[in-house]
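Just so it is clear, none of the values below were taken in a lab; they were calculated from the coordinates. Quick caveat, the model's predicted, so the values are computed rather than measured. Positions of Cβ are backbone-derived with ideal geometry, glycine not excepted, and every protein chain shown enters the neighbour counts.
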Amino acid sequence: APELRDFAFLGLRWGQPYRDQSEVAQTLAAAKWPKLQRLALRIPETFTYAWPDQDGAYVSVDRYDEEGDDEYMDDEGWHEDMNWSAELGGLLDALSQTKLEQLSLTSFASASNLLVALAEHGLPASLQILDLSASDLGDEAVGWMLEHRQLFASLKTLDLRDTLIDDASPLAALGPEVLHSSGGGAIYRFSVGME
């Protein structure tokens, strides 16, 4: 795609935690797009599901209201950690050869693993906007980002809206404008056959 400047792949599931790299990640890593400026990937882990009362669910579900004392006890949701360095490492390496200005990686649950992947593979020198919104980044990510401030130093904007971070004010020391709002974190849907 020699003329492609903007690409978005906003799927409802991504990757296989038990393999090094999905076919989607391999394909994107092998793509040649010298003029690419904006890339948006929604990366919800394959083995993850939502809880019934999640904000913004497609259909409101009144579950387990039938007679009996049994209650649905797994309202925190569930996910299998994704090795994002193995999954997206090739793509991140390839993006370093582009003039990418905006990168969106959203809806991921394995937040610490994604941050490690960014640290291991780096960000394109041309990157101005990094969008990590609608994800399970929590308060522990704030300290991590401050410890790895060089990773974010050249950014103009860091988007952390709708994450699990309660207080992003310390991130003002990073340099880029930080867009923040506390939200429900990564958004998932029940997989067919999960129950």
- Output the peptides 123-131, 4-12 sorted from most to least packed, where packing is the average of other Cβ atoms within 10 Å over each peptide's residues. 123-131, 4-12
- Surrounding net charge for Ala173, when Lys and Arg each add one and Asp and Glu each subtract one, Cβ distance under 14 Å: -2
- Query: So, counting K/R as plus one and D/E as minus one, what does the shell of residues with Cβ under 15 Å around Arg38 add up to?
  - Reply: 0
- Note on the structure: Taking Cα pairs closer than 8 Å and at least 6 residues apart, the relative contact order of the stretch 86-195 in percent is 26 percent
- Query: Tally Lys and Arg at +1 and Asp and Glu at -1 over the other residues with C-beta under 14 Å from the C-beta of Ser154: what net charge comes out?
  - Reply: +1
